[in-house]
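Presented below is the structure to which this report refers.
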Amino acid sequence: MAPKGSDIKPGVRSPRVFFGWWTVVTGGLLALWAEGYFSYGFSALFKPISSELGFSRAVTSVATSIIRLEGAIEAPLAGWITDRFGPRWIVVAGVATMSLGLVLMNYIDSLWSFYLAWGVVFGSGFMLSVHLPMDTAISNWFVRKRGTALSVRMAFSGMSGVLVMPLVAWLITVQGWRMTCVIGGLVLAVVFLPMAWLSLRTHRPEYYGLLPDGAAVRDETVADARHMIDRGVEYAGALEEVEFTLREAMKTPAYWLLLVSQGIHALAASAINVHCIPFLTDMDIDSLKAAGMMAMMVAASIPLRPVTGYLADRLSRGNLRVLVAAAYLLQTGGLAVFLLNQTVPAVYAWFVLYGMGMGMGWTVASPVRARYFGRKAFGSIGGSSMLFVTPLAVAAPVYLGWVYDTSSSYTVGFTVLAVLLAAATVLALFIVPPKRPGRASDIRRII
């Protein structure tokens with residue numbers, strides 16, 4: 001809901017540190033901690049949970065699939081709410097829910113309680129706070145520097161696999177998996193709830209007398225919010241940003257090609273993240289060493305994340321597809337190296353190449369969507385995409401677990417992932433920027 005003209009502060013100069021950067025830092029640190037449990041830490045929790053409670057690998061994998069399925073159901077509504085009312089409250093609610101879910105893990109004693117605590121409660125909080133609403137908050141405050149801002153958040157996210165995931169693995173050895181989850185939940189409640197409240201704003205910077213990127217406001221007196229919003233639209237338009245509604249975006253080939261290619265990327269990431277440490281320990285690698293190897297894979301992704309964001313800000317819209325294709329090509333090459341020579345040294349080569357491509361793929365996704373479709377429906381477009389993409393990510397870990405349960409090997413599953421990533425590489429080359437809508441609509445028109 002747009003605020004009234006009186007809600008804006010006329011003639012506000014940009015502060016020395018643009019407020020949007022505080023949003024970036026909070027989003028990055030939140031992703032650092034939460035991803036350390038969800039995306040990477042679950043691989044360390046996988047065997048202790050399945051062993052103590054007597055679950056098969058396929059059954060244990062269902063917990064992460066529940067999260068992704070839940071995310072697909074929630075995402076369109078969460079995206080619309082974020083666009084319509086702002087990201088602040090939805091992120092705060094998500095952090096509180098995540099915290100509760102991790103604390104509840106201390107009390108699970110059955111399959112249904114495991115699915116409820118991890119899959120439903122923790123999962124819904126994660127989906128509501130870490131990705132789409134936070135990326136929307138950042139994208140609202142940046143245009144020229146959007147790729148850089150999002151890549152900074154993604155760099156923090158990548159460090160979760162290097163810093164938090166090994167911490168989770170170590171805590172499991174000294175405190176047990178239950179207390180490890182409780183510690184994670186308490187940190188979310190004590191540290192990240194107040195951070196989210198203080199560093200997120202409800203609306204675009206124009207509503208607070210500022211321009212995106214911290215650009216100077218030359219006119220010292222701004223009459224009302226409508227005038228300042230128009231200034232923001234002019235600023236973004238000068239940088240070739242076009243504002244699409246959700247319906248307008250869904251009528252373009254670019255929307256659907258991005259959806260399929262990014263869906264394959266998410267599918268591969270979800271499968272490998274869940275089964276990485278179980279796969280390595282099956283090769284008689286110690287669990288802590290396996291966690292270190294997985295951390296190395298994530299570490300390989302970190303340097304290319306800010307580089308990718310920098311390039312996404314500077315490449316023309318037409319050349320962004322090359323960046324997307326390069327990400328998927330690196331992932332394909334990494335998997336191919338291992339499949340052709342299934343040895344421990346080949347695993348290292350796979351993890352380095354795959355990690356580089358993974359970091360590029362995650363980092364470029366949001367800037368491309370924003371560069372192609374603009375800010376006003378960023379959350380709604382992203383949420384609708386997740387509705388289609390998430391079923392792929394839901395099925396992937398369960399499929400990989402089923403492959404192992406039936407063949408005692410991951411080889412067939414990894415081969416399927418390599419073929420799909422190769423297809424996504426080719427598909428990405430056909431993602432051309434969408435044509436401008438026939439008529440520009442009001443920024444409050446989202447759908």
Quiz prompt | Hits in the range 83-117 - residues which are in a helix (DSSP H, G or I) and among the charged types (D, E, K, R) | solution = Asp83, Arg84, Arg88
Exercise. Could you list, in sequence order, all residues of the range 403-420 that are surrounded by fewer than 17 Cβ atoms within 10 Å (Cβ to Cβ), within 11 Å of Leu339 (Cβ to Cβ) and touching a residue at least 24 places away in the same chain (Cβ under 8 Å)?
Key: Thr411, Thr415
Quiz item: In the range 19-53, what residues are hydroxyl-bearing (Ser, Thr, Tyr) and within 16 Å of Arg305 (Cβ to Cβ)?
Solution: Ser39, Tyr40
Self-check item: Residue check, Leu246 modelled with pLDDT of 90 or more, buried (at least 17 other Cβ atoms within 10 Å of the Cβ) and farther than 30 Å from Gln342 by Cα
Solution: no
Quiz item: Quick check: anything in the range 279-292 in contact with a helix residue (DSSP H, G or I) (Cβ under 6 Å, 6 or more places away or on another chain), at pLDDT 85 or above and within 16 Å of Trp350 (Cβ to Cβ)?
Solution: yes
Quiz item: Residues in the range 132-150: is at least one surrounded by fewer than 24 Cβ atoms within 10 Å (Cβ to Cβ) and aliphatic (A, V, I, L, M)?
Solution: no
Quiz item: Quick one: Trp170 ticks every box in (1) surrounded by fewer than 22 Cβ atoms within 10 Å (Cβ to Cβ); (2) under 12 Å from Trp33 (Cβ atoms) bar one, so which box is it?
Solution: (2)
Exercise. Working only within the range 99-120, note down all residues that are of a type in the set (Val, Ile, Thr) and either buried (at least 20 other Cβ atoms within 10 Å of the Cβ) or farther than 29 Å from Ser380 by Cβ (or both).
Key: Val103, Ile108
Quiz item: Limited to the range 421-436, what total is found for residues that are more than 17 Å from Lys251 (Cβ to Cβ) and either surrounded by 18 or more Cβ atoms within 10 Å (Cβ to Cβ) or touching a His at 6+ places or on another chain (Cβ under 6 Å) (or both)?
Solution: 6
Self-check item: Enumeration of residues in the range 324-380 that are surrounded by 19 or more Cβ atoms within 10 Å (Cβ to Cβ) and either among the polar types (S, T, N, Q) or touching a Cys at 6+ places or on another chain (Cβ under 8 Å) (or both)
Solution: Gln331, Thr332, Thr363, Ser366, Ser380
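The values are calculated or read from the model by the stated rules, or taken from the named source; none is laboratory data. Here the structure is a predicted model, which is why all the values come from computation and not from measurement. Glycine gets a Cβ as well: all are built from the backbone with ideal geometry, and neighbour counts include every protein chain shown.
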